[in-house]
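Have a look at the structure below before the remarks.
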Amino acid sequence: MNIKQYTSLVKVGWRVFRQTPVRLLWKFVWNFCWPNLWNMHDFKKRQKKGRPFFPAFNMISVTETCNLACSGCWVSRGGRKSLTLEQLDGIIVESKRHGSKFFGILGGEPLMYAGLMDVFEKHSDCYFQLFTNGTLLNDETAMRLRKAGNVTPLISLEGLEEESDRRRQKDDVYSRTLRGVRACRRAGLIFGVAASICQSNYDELVNREHIERVAREGAAYLWYYIYRPVGAHPNPEVALTKEQIRGLRLFLVEERMNAPVVLIDVYWDDKGRAMCPGATGMSHHVSPSGALEFCPVIQMATDFLNADASNMTQLYEQSAFLAGMRQKVAAATRGCILMENPQLMTDLLATYDLQETTSRATAMEEYARMRPVPGHDMKDEAIPERSTPYKWLKRNYFFGFGAYG
(Lines give C-alpha, C1' and ligand atoms only; values in the text may rest on other atoms or scores of the structure.)
Protein backbone atom coordinates (compact mmCIF):
# COMPACT_ATOMS: atom_id res chain seq x y z
CA MET A 1 0.00 0.00 0.00
CA ASN A 2 1.33 3.43 -0.93
CA ILE A 3 0.53 5.53 2.13
CA LYS A 4 1.59 8.73 0.34
CA GLN A 5 -1.59 8.80 -1.78
CA TYR A 6 -3.68 8.87 1.40
CA THR A 7 -1.44 11.57 2.88
CA SER A 8 -2.02 13.65 -0.24
CA LEU A 9 -5.81 13.35 0.07
CA VAL A 10 -5.61 14.28 3.74
CA LYS A 11 -3.64 17.40 2.79
CA VAL A 12 -6.21 18.35 0.14
CA GLY A 13 -9.02 17.79 2.62
CA TRP A 14 -7.27 19.84 5.30
CA ARG A 15 -6.67 22.73 2.88
CA VAL A 16 -10.32 22.73 1.78
CA PHE A 17 -11.45 22.49 5.41
CA ARG A 18 -9.36 25.52 6.38
CA GLN A 19 -10.66 27.75 3.55
CA THR A 20 -14.32 26.61 3.52
CA PRO A 21 -17.04 27.55 6.05
CA VAL A 22 -18.30 24.60 8.07
CA ARG A 23 -21.84 25.14 6.75
CA LEU A 24 -20.68 24.67 3.14
CA LEU A 25 -18.74 21.55 4.08
CA TRP A 26 -21.84 20.17 5.76
CA LYS A 27 -23.95 20.98 2.68
CA PHE A 28 -21.43 19.14 0.52
CA VAL A 29 -21.64 16.02 2.68
CA TRP A 30 -25.38 16.15 3.36
CA ASN A 31 -26.58 17.29 -0.10
CA PHE A 32 -24.02 15.67 -2.37
CA CYS A 33 -22.07 12.80 -0.81
CA TRP A 34 -24.76 11.01 1.17
CA PRO A 35 -27.72 11.33 -1.27
CA ASN A 36 -25.55 10.38 -4.25
CA LEU A 37 -24.38 7.24 -2.53
CA TRP A 38 -27.99 6.01 -2.36
CA ASN A 39 -28.90 7.45 -5.74
CA MET A 40 -26.12 5.53 -7.47
CA HIS A 41 -27.11 2.37 -5.60
CA ASP A 42 -30.75 2.76 -6.65
CA PHE A 43 -29.79 3.49 -10.26
CA LYS A 44 -27.66 0.37 -10.45
CA LYS A 45 -30.50 -1.65 -8.91
CA ARG A 46 -33.01 -0.28 -11.46
CA GLN A 47 -30.69 -1.15 -14.32
CA LYS A 48 -30.02 -4.66 -13.03
CA LYS A 49 -33.69 -5.48 -12.50
CA GLY A 50 -34.89 -3.90 -15.75
CA ARG A 51 -37.11 -1.35 -14.03
CA PRO A 52 -38.38 1.77 -15.85
CA PHE A 53 -35.43 3.93 -16.84
CA PHE A 54 -34.42 7.22 -15.28
CA PRO A 55 -30.79 8.43 -15.41
CA ALA A 56 -28.67 8.69 -12.29
CA PHE A 57 -28.41 12.42 -12.90
CA ASN A 58 -29.20 15.03 -15.52
CA MET A 59 -26.94 17.56 -17.18
CA ILE A 60 -29.01 20.68 -17.84
CA SER A 61 -28.07 23.40 -20.33
CA VAL A 62 -30.28 26.26 -19.19
CA THR A 63 -29.50 28.67 -22.04
CA GLU A 64 -27.66 29.08 -25.33
CA THR A 65 -26.76 32.67 -24.45
CA CYS A 66 -23.06 33.29 -23.79
CA ASN A 67 -20.72 36.25 -23.45
CA LEU A 68 -17.89 34.41 -25.27
CA ALA A 69 -17.56 32.64 -28.63
CA CYS A 70 -15.19 29.74 -28.04
CA SER A 71 -13.83 27.68 -30.90
CA GLY A 72 -15.00 24.09 -30.91
CA CYS A 73 -18.10 24.87 -28.85
CA TRP A 74 -21.29 23.01 -29.79
CA VAL A 75 -23.60 25.77 -28.51
CA SER A 76 -25.06 28.04 -31.20
CA ARG A 77 -23.32 31.40 -31.33
CA GLY A 78 -25.86 34.12 -30.78
CA GLY A 79 -28.49 31.52 -29.88
CA ARG A 80 -31.25 32.63 -27.52
CA LYS A 81 -33.04 29.41 -26.65
CA SER A 82 -33.53 28.94 -22.92
CA LEU A 83 -35.48 26.71 -20.59
CA THR A 84 -38.27 28.47 -18.74
CA LEU A 85 -37.99 28.70 -14.98
CA GLU A 86 -41.04 26.44 -14.77
CA GLN A 87 -39.28 23.78 -16.84
CA LEU A 88 -36.06 24.02 -14.83
CA ASP A 89 -37.97 23.74 -11.58
CA GLY A 90 -39.95 20.80 -12.97
CA ILE A 91 -36.80 18.96 -14.05
CA ILE A 92 -35.46 19.17 -10.52
CA VAL A 93 -38.78 18.14 -8.95
CA GLU A 94 -39.13 15.12 -11.26
CA SER A 95 -35.53 14.08 -10.66
CA LYS A 96 -35.93 14.26 -6.89
CA ARG A 97 -38.86 11.86 -7.17
CA HIS A 98 -36.31 9.29 -8.37
CA GLY A 99 -33.73 10.10 -5.71
CA SER A 100 -31.55 12.21 -8.03
CA LYS A 101 -30.49 15.42 -6.30
CA PHE A 102 -27.29 16.30 -8.14
CA PHE A 103 -27.37 18.40 -11.32
CA GLY A 104 -24.79 19.73 -13.75
CA ILE A 105 -25.81 23.23 -14.87
CA LEU A 106 -24.41 24.26 -18.25
CA GLY A 107 -25.02 26.82 -21.00
CA GLY A 108 -24.06 28.87 -22.98
CA GLU A 109 -23.02 30.73 -19.90
CA PRO A 110 -25.44 29.76 -17.12
CA LEU A 111 -24.75 32.91 -15.10
CA MET A 112 -26.56 34.80 -17.89
CA TYR A 113 -29.75 32.86 -17.10
CA ALA A 114 -32.11 35.07 -15.10
CA GLY A 115 -33.45 33.45 -11.96
CA LEU A 116 -30.80 30.75 -11.62
CA MET A 117 -29.78 31.82 -8.12
CA ASP A 118 -33.42 31.65 -7.02
CA VAL A 119 -33.58 28.05 -8.25
CA PHE A 120 -30.46 27.12 -6.26
CA GLU A 121 -31.94 28.67 -3.14
CA LYS A 122 -35.36 27.10 -3.62
CA HIS A 123 -33.96 23.58 -3.94
CA SER A 124 -31.82 23.72 -0.84
CA ASP A 125 -31.86 19.92 -0.54
CA CYS A 126 -30.02 19.47 -3.87
CA TYR A 127 -26.44 20.03 -5.01
CA PHE A 128 -25.46 21.78 -8.24
CA GLN A 129 -22.26 21.88 -10.28
CA LEU A 130 -22.15 25.18 -12.14
CA PHE A 131 -20.15 24.95 -15.38
CA THR A 132 -19.02 28.53 -16.06
CA ASN A 133 -16.32 30.45 -17.90
CA GLY A 134 -15.87 32.46 -14.71
CA THR A 135 -15.84 35.91 -16.28
CA LEU A 136 -19.14 36.87 -14.62
CA LEU A 137 -18.22 35.46 -11.21
CA ASN A 138 -17.71 38.57 -9.10
CA ASP A 139 -17.69 38.88 -5.32
CA GLU A 140 -21.42 39.58 -5.14
CA THR A 141 -22.30 36.47 -7.14
CA ALA A 142 -19.83 34.32 -5.22
CA MET A 143 -21.24 35.49 -1.90
CA ARG A 144 -24.76 34.63 -3.02
CA LEU A 145 -23.53 31.15 -3.93
CA ARG A 146 -22.01 30.95 -0.47
CA LYS A 147 -25.35 31.88 1.03
CA ALA A 148 -27.07 29.11 -0.94
CA GLY A 149 -24.33 26.70 0.10
CA ASN A 150 -25.29 23.98 -2.39
CA VAL A 151 -23.32 24.97 -5.51
CA THR A 152 -19.78 24.09 -6.62
CA PRO A 153 -18.60 26.29 -9.51
CA LEU A 154 -16.49 24.49 -12.12
CA ILE A 155 -14.57 27.24 -13.89
CA SER A 156 -13.24 26.63 -17.39
CA LEU A 157 -9.63 27.75 -17.89
CA GLU A 158 -8.66 26.76 -21.43
CA GLY A 159 -5.03 27.85 -21.34
CA LEU A 160 -2.76 30.64 -20.20
CA GLU A 161 -2.98 34.22 -21.45
CA GLU A 162 -2.52 33.84 -25.22
CA GLU A 163 -4.27 30.50 -25.54
CA SER A 164 -7.29 31.62 -23.50
CA ASP A 165 -7.81 34.66 -25.70
CA ARG A 166 -7.36 32.62 -28.88
CA ARG A 167 -9.74 29.85 -27.82
CA ARG A 168 -12.31 32.26 -26.37
CA GLN A 169 -11.97 34.80 -29.23
CA LYS A 170 -12.00 37.67 -26.74
CA ASP A 171 -9.33 39.82 -25.07
CA ASP A 172 -8.17 39.55 -21.47
CA VAL A 173 -10.13 36.34 -20.85
CA TYR A 174 -7.45 34.67 -18.72
CA SER A 175 -7.27 37.48 -16.16
CA ARG A 176 -11.06 37.82 -16.10
CA THR A 177 -11.42 34.10 -15.44
CA LEU A 178 -8.82 34.28 -12.67
CA ARG A 179 -10.81 37.08 -11.05
CA GLY A 180 -13.77 34.68 -10.94
CA VAL A 181 -11.56 31.96 -9.43
CA ARG A 182 -10.36 34.34 -6.74
CA ALA A 183 -13.87 35.57 -5.97
CA CYS A 184 -14.81 31.94 -5.28
CA ARG A 185 -11.85 31.53 -2.98
CA ARG A 186 -12.65 34.72 -1.06
CA ALA A 187 -16.20 33.47 -0.60
CA GLY A 188 -14.92 30.14 0.75
CA LEU A 189 -16.64 28.09 -1.95
CA ILE A 190 -15.76 24.52 -2.82
CA PHE A 191 -14.88 24.97 -6.48
CA GLY A 192 -12.98 23.37 -9.32
CA VAL A 193 -11.11 24.35 -12.47
CA ALA A 194 -11.67 22.55 -15.79
CA ALA A 195 -9.90 22.39 -19.13
CA SER A 196 -10.76 20.87 -22.50
CA ILE A 197 -7.40 19.52 -23.66
CA CYS A 198 -6.39 19.86 -27.31
CA GLN A 199 -3.07 20.13 -29.13
CA SER A 200 -2.76 23.88 -28.61
CA ASN A 201 -3.06 23.81 -24.81
CA TYR A 202 -1.67 20.33 -24.04
CA ASP A 203 1.83 21.50 -23.10
CA GLU A 204 0.51 24.41 -21.01
CA LEU A 205 -2.00 22.45 -18.95
CA VAL A 206 -0.98 18.79 -18.82
CA ASN A 207 1.83 19.20 -16.31
CA ARG A 208 2.54 19.36 -12.60
CA GLU A 209 3.03 23.12 -12.73
CA HIS A 210 -0.59 23.65 -13.75
CA ILE A 211 -1.83 21.34 -11.00
CA GLU A 212 0.10 23.33 -8.42
CA ARG A 213 -1.06 26.62 -9.94
CA VAL A 214 -4.68 25.56 -9.56
CA ALA A 215 -4.06 24.41 -5.99
CA ARG A 216 -2.50 27.77 -5.08
CA GLU A 217 -5.61 29.51 -6.38
CA GLY A 218 -7.70 27.50 -3.89
CA ALA A 219 -9.44 24.98 -6.16
CA ALA A 220 -10.48 21.70 -4.55
CA TYR A 221 -10.45 19.76 -7.83
CA LEU A 222 -9.11 19.91 -11.38
CA TRP A 223 -11.24 18.39 -14.14
CA TYR A 224 -9.66 17.34 -17.44
CA TYR A 225 -11.76 16.83 -20.58
CA ILE A 226 -10.74 15.73 -24.06
CA TYR A 227 -11.47 18.28 -26.79
CA ARG A 228 -14.29 17.19 -29.10
CA PRO A 229 -14.29 18.86 -32.54
CA VAL A 230 -17.99 19.65 -32.84
CA GLY A 231 -20.26 22.59 -33.60
CA ALA A 232 -20.27 25.03 -36.49
CA HIS A 233 -16.50 25.65 -36.14
CA PRO A 234 -15.09 22.31 -34.97
CA ASN A 235 -11.35 22.78 -35.70
CA PRO A 236 -10.53 19.04 -35.93
CA GLU A 237 -6.89 19.86 -36.64
CA VAL A 238 -6.31 20.53 -32.92
CA ALA A 239 -7.88 17.26 -31.71
CA LEU A 240 -5.51 15.18 -29.61
CA THR A 241 -3.44 12.46 -31.23
CA LYS A 242 -3.62 8.88 -30.01
CA GLU A 243 -0.25 9.34 -28.32
CA GLN A 244 -1.40 12.52 -26.55
CA ILE A 245 -4.56 10.81 -25.24
CA ARG A 246 -2.42 8.00 -23.86
CA GLY A 247 -0.10 10.62 -22.38
CA LEU A 248 -3.03 12.40 -20.73
CA ARG A 249 -4.31 9.15 -19.23
CA LEU A 250 -0.85 8.22 -17.91
CA PHE A 251 -0.41 11.74 -16.51
CA LEU A 252 -3.71 11.52 -14.61
CA VAL A 253 -2.97 8.06 -13.21
CA GLU A 254 0.49 9.07 -12.01
CA GLU A 255 -0.36 12.51 -10.65
CA ARG A 256 -3.42 11.25 -8.77
CA MET A 257 -1.03 9.49 -6.41
CA ASN A 258 0.13 12.74 -4.80
CA ALA A 259 -1.58 15.73 -6.43
CA PRO A 260 -2.45 18.71 -4.17
CA VAL A 261 -5.94 18.79 -5.73
CA VAL A 262 -8.42 16.03 -6.60
CA LEU A 263 -7.92 15.12 -10.28
CA ILE A 264 -11.13 14.20 -12.11
CA ASP A 265 -11.89 12.61 -15.47
CA VAL A 266 -15.11 11.18 -16.89
CA TYR A 267 -13.65 8.89 -19.53
CA TRP A 268 -12.16 5.80 -17.90
CA ASP A 269 -13.21 3.28 -15.25
CA ASP A 270 -10.95 1.93 -12.49
CA LYS A 271 -9.38 -0.56 -14.91
CA GLY A 272 -8.65 2.16 -17.46
CA ARG A 273 -11.39 1.01 -19.83
CA ALA A 274 -13.24 3.67 -21.76
CA MET A 275 -16.78 4.59 -20.77
CA CYS A 276 -19.57 6.79 -22.13
CA PRO A 277 -22.00 8.27 -19.56
CA GLY A 278 -24.79 8.32 -22.14
CA ALA A 279 -24.33 4.69 -23.19
CA THR A 280 -24.35 3.52 -19.57
CA GLY A 281 -27.49 5.56 -18.89
CA MET A 282 -25.68 7.27 -16.04
CA SER A 283 -26.44 10.68 -17.49
CA HIS A 284 -28.44 12.30 -20.26
CA HIS A 285 -28.74 15.95 -21.23
CA VAL A 286 -31.58 18.48 -21.22
CA SER A 287 -31.05 21.14 -23.86
CA PRO A 288 -32.14 24.82 -23.73
CA SER A 289 -34.99 23.86 -26.06
CA GLY A 290 -36.32 21.39 -23.50
CA ALA A 291 -35.15 18.35 -25.46
CA LEU A 292 -33.93 15.16 -23.81
CA GLU A 293 -30.68 14.40 -25.60
CA PHE A 294 -28.37 11.39 -25.50
CA CYS A 295 -25.45 13.68 -24.63
CA PRO A 296 -24.72 17.43 -24.91
CA VAL A 297 -22.84 17.20 -28.23
CA ILE A 298 -25.46 15.12 -30.11
CA GLN A 299 -28.05 17.81 -30.57
CA MET A 300 -30.93 15.80 -31.94
CA ALA A 301 -34.00 14.52 -30.11
CA THR A 302 -37.46 13.00 -30.36
CA ASP A 303 -38.59 13.88 -26.83
CA PHE A 304 -39.37 17.37 -25.53
CA LEU A 305 -40.46 18.56 -22.11
CA ASN A 306 -43.86 20.17 -21.68
CA ALA A 307 -44.39 23.56 -20.03
CA ASP A 308 -43.58 22.41 -16.49
CA ALA A 309 -41.49 19.29 -17.30
CA SER A 310 -44.08 17.09 -15.61
CA ASN A 311 -43.78 14.63 -18.53
CA MET A 312 -40.07 14.01 -17.92
CA THR A 313 -40.45 10.64 -16.21
CA GLN A 314 -42.81 9.38 -18.92
CA LEU A 315 -40.44 10.53 -21.68
CA TYR A 316 -37.47 8.74 -20.16
CA GLU A 317 -39.43 5.55 -19.60
CA GLN A 318 -40.91 5.46 -23.11
CA SER A 319 -38.22 7.04 -25.33
CA ALA A 320 -37.34 4.58 -28.09
CA PHE A 321 -34.64 6.99 -29.27
CA LEU A 322 -32.73 7.20 -25.97
CA ALA A 323 -33.12 3.49 -25.26
CA GLY A 324 -31.98 2.64 -28.77
CA MET A 325 -28.97 4.94 -28.58
CA ARG A 326 -27.90 3.47 -25.25
CA GLN A 327 -28.04 -0.02 -26.70
CA LYS A 328 -26.52 0.71 -30.11
CA VAL A 329 -23.73 3.01 -28.96
CA ALA A 330 -22.72 0.58 -26.20
CA ALA A 331 -22.62 -2.22 -28.78
CA ALA A 332 -20.45 -0.14 -31.14
CA THR A 333 -17.84 1.24 -28.75
CA ARG A 334 -16.91 1.79 -25.15
CA GLY A 335 -15.58 5.22 -26.14
CA CYS A 336 -17.03 8.23 -27.96
CA ILE A 337 -18.88 7.31 -31.14
CA LEU A 338 -18.90 10.96 -32.23
CA MET A 339 -15.09 11.00 -32.39
CA GLU A 340 -14.33 7.43 -33.42
CA ASN A 341 -17.03 6.82 -36.01
CA PRO A 342 -19.13 9.87 -36.93
CA GLN A 343 -20.45 8.07 -40.02
CA LEU A 344 -21.92 5.29 -37.89
CA MET A 345 -23.39 7.89 -35.58
CA THR A 346 -25.14 9.70 -38.44
CA ASP A 347 -26.41 6.34 -39.73
CA LEU A 348 -27.88 5.60 -36.29
CA LEU A 349 -29.48 9.02 -36.06
CA ALA A 350 -31.00 8.59 -39.52
CA THR A 351 -33.09 5.67 -38.27
CA TYR A 352 -35.15 7.99 -36.04
CA ASP A 353 -37.57 10.80 -36.81
CA LEU A 354 -35.48 13.47 -35.12
CA GLN A 355 -35.69 17.20 -34.57
CA GLU A 356 -32.62 19.39 -34.25
CA THR A 357 -32.47 21.15 -30.90
CA THR A 358 -30.18 24.10 -31.75
CA SER A 359 -30.84 27.60 -33.01
CA ARG A 360 -28.43 27.26 -35.94
CA ALA A 361 -30.28 24.24 -37.47
CA THR A 362 -27.17 22.79 -39.11
CA ALA A 363 -26.21 19.97 -36.74
CA MET A 364 -26.83 17.06 -39.13
CA GLU A 365 -24.78 18.76 -41.84
CA GLU A 366 -21.98 19.26 -39.32
CA TYR A 367 -22.04 15.59 -38.32
CA ALA A 368 -21.96 14.54 -41.98
CA ARG A 369 -18.77 16.61 -42.49
CA MET A 370 -16.98 15.16 -39.48
CA ARG A 371 -14.05 12.82 -39.92
CA PRO A 372 -12.82 10.33 -37.33
CA VAL A 373 -10.33 11.53 -34.73
CA PRO A 374 -8.71 9.52 -31.93
CA GLY A 375 -10.95 8.82 -28.95
CA HIS A 376 -10.28 7.70 -25.41
CA ASP A 377 -10.85 3.97 -25.92
CA MET A 378 -7.34 2.50 -25.65
CA LYS A 379 -8.62 -1.10 -25.78
CA ASP A 380 -5.80 -3.54 -24.94
CA GLU A 381 -3.51 -0.67 -23.94
CA ALA A 382 -5.77 0.44 -21.07
CA ILE A 383 -3.95 1.98 -18.10
CA PRO A 384 -5.56 1.00 -14.75
CA GLU A 385 -5.91 3.39 -11.84
CA ARG A 386 -3.09 3.29 -9.31
CA SER A 387 -4.67 5.47 -6.64
CA THR A 388 -6.55 3.17 -4.26
CA PRO A 389 -9.02 5.85 -3.03
CA TYR A 390 -9.88 6.97 -6.56
CA LYS A 391 -10.17 3.35 -7.71
CA TRP A 392 -12.67 2.71 -4.93
CA LEU A 393 -14.68 5.81 -5.84
CA LYS A 394 -14.88 4.78 -9.48
CA ARG A 395 -15.98 1.26 -8.58
CA ASN A 396 -18.51 2.06 -5.88
CA TYR A 397 -19.62 5.65 -6.03
CA PHE A 398 -19.59 7.95 -9.00
CA PHE A 399 -19.00 5.41 -11.77
CA GLY A 400 -20.03 2.23 -9.94
CA PHE A 401 -22.12 0.52 -12.59
CA GLY A 402 -20.63 -2.94 -12.81
CA ALA A 403 -19.69 -3.55 -16.45
CA TYR A 404 -20.02 0.14 -17.40
CA GLY A 405 -22.36 -0.55 -20.26
For the chain, list the cysteines whose Cβ sits under 4.7 Å from no other cysteine Cβ? C33, C66, C126, C184, C198, C276, C295, C336
Pairs of Cα atoms under 8 Å, at least six residues apart: use those to get the relative contact order of the stretch 120-218, whole percent. 31
What number, in percent, do you get for the relative contact order of the stretch 284-370 if the mean sequence gap of Cα pairs under 8 Å and at least 6 apart is divided by its residue count? 29
Cα-Cα over 23 Å: which of K122/K391; K27/K391; K96/K122? K122/K391; K27/K391
Compactness index (Cα Rg / 2.2 N^0.38 Å), the chain: 0.92
Chain lengthening between D353 and L25 when straightened (0.36 nm per residue, less Cα-Cα): 113.5 nm
Listed residue (P35, M300, G134) projecting farthest to the positive dipole end of the chain, Cβ model: P35
Which percent of the Cα-Cα distances in the stretch 227-359 go past 25 Å? 36
In debye, nearest 20, what is the charge dipole magnitude of the chain about its Cα centre with +1 on Lys and Arg Cβ and -1 on Asp and Glu Cβ, if you could check? 1500
At a 1.4 Å probe, what is the % contribution of carbon and sulfur to the accessible area of the chain? 55
Calculate, in whole percent, how much of the Cα-Cα pair population of the stretch 60-217 lies beyond 18 Å. 59
Karplus-derived HN-Hα couplings along the stretch 23-31 (A = 6.51, B = -1.76, C = 1.60, θ = phi - 60°), whole Hz, x at Gly and Pro: 4, 6, 5, 5, 4, 4, 5, 6, 8
For the stretch 147-306, give the magnitude of the charge dipole about the Cα centre (Cβ charges: +1 Lys/Arg, -1 Asp/Glu; no others), in debye to the nearest 20. 460
Given R₀ = 22 Å, what would the calculated FRET efficiency be for Q47 paired with W392, taking r from the Cβ atoms and rounding to 0.05? 0.60
Please report, in whole Å³, the volume per residue of the convex hull around the C-alpha atoms of the stretch 210-262. 95
For the stretch 7-152, what's the relative contact order in percent, using C-alpha pairs closer than 8 Å and at least 6 residues apart? 26
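The values are calculated or read from the model by the stated rules, or taken from the named source; none is laboratory data. This one's a predicted model, so the numbers in the text were calculated from it and none came from an experiment. Neighbour counts run over all protein chains shown; Cβ positions are idealised from the backbone, glycine included. Protein only, heavy atoms only, side chains kept; ligands, DNA and RNA dropped before computing areas. Shrake-Rupley method; radii C 1.70, N 1.55, O 1.52, S 1.80 Å.
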